[in-house]
Amino acid sequence: TTLRLKHGETQVLAGLINGQQGPMQLASGAMFAYTRLQAKASARFDVPEGKELAVYVVEGSVQVQGQRVDTGSLALLAPGTSISATAADGQPAQFALIGGDPIQHEIYFGGPFVANSRQALLRMRDDFLAGKMGTLEGTPF
């Protein structure tokens, strides 16, 4: 779903943003939108209450919630139902708005694996080492 902005556009890929539902239906309540803003342009995003939100800047710099976020940086945002972002430095900007329901349990990380229990993490590692997860062409593993 593409939202036309006054000086840019936002592609809502998942979740509900500005009343528009993205085409990806995810069980986790995740949301993802990609925005392109012209130089000095601003955009406002209304999101459902209770989401944890972040902005990842792909190109340029963005001013959001009183903080500057530069290319290649991720900024965690304060909770709320409305976010305003402005392309900084008189340059266009591109960024992803990422969000989802808060996770209410512990998270375990191990290499490329993420699980909600130590046992599940160990099972993933064992399955990988046993070749049960397949392979990706062109990768060293």
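The values are calculated or read from the model by the stated rules, or taken from the named source; none is laboratory data. Just so it is clear, the structure is predicted and the values come from calculations on it, not from any experiment. Ideal geometry is used to build each Cβ from the backbone, glycine not excepted, and the neighbour counts take in all protein chains shown. Calculation scope for accessible area: heavy atoms of the full protein, side chains included, ligands and nucleic acids excluded. Shrake-Rupley method; radii C 1.70, N 1.55, O 1.52, S 1.80 Å.
Taking region 28-106 as the region of interest, none of the strands (runs of 3 or more DSSP E) fully inside it holds 2 or more residues being touching a Lys or Arg at 6+ places or on another chain (Cβ under 6 Å) and free of Cβ contacts under 8 Å to residues at least 24 places away in the same chain. Residues that are open to solvent by less than 70 Å² (accessible area, probe 1.4 Å), at pLDDT 95 or above and over 16 Å from the mean Cα position of the chain (by Cα) were ranked within region 58-89; the one that is farthest from Leu26 (Cα to Cα) is Ala88. Every listed requirement among (1) at positive phi; (2) surrounded by fewer than 18 Cβ atoms within 10 Å (Cβ to Cβ); (3) modelled with pLDDT of 90 or more is met by Gly111 save one, (3).
Residues of region 38-57 that are of a type outside the set (S, T, N, Q), surrounded by fewer than 19 Cβ atoms within 10 Å (Cβ to Cβ) and over 22 Å from Gln21 (Cβ atoms): Ala39, Lys40, Ala41.
Can you name every residue in region 90-108 that is surrounded by 13 or more Cβ atoms within 10 Å (Cβ to Cβ) and polar (S, T, N, Q)? Gln91, Gln94 - these are the residues of region 90-108 that are surrounded by 13 or more Cβ atoms within 10 Å (Cβ to Cβ) and polar (S, T, N, Q).
Scanning region 11-27 for residues that are touching a residue at least 24 places away in the same chain (Cβ under 8 Å), farther than 28 Å from Gln91 by Cβ and not in a strand (DSSP E or B) returns a single hit, Gly19.
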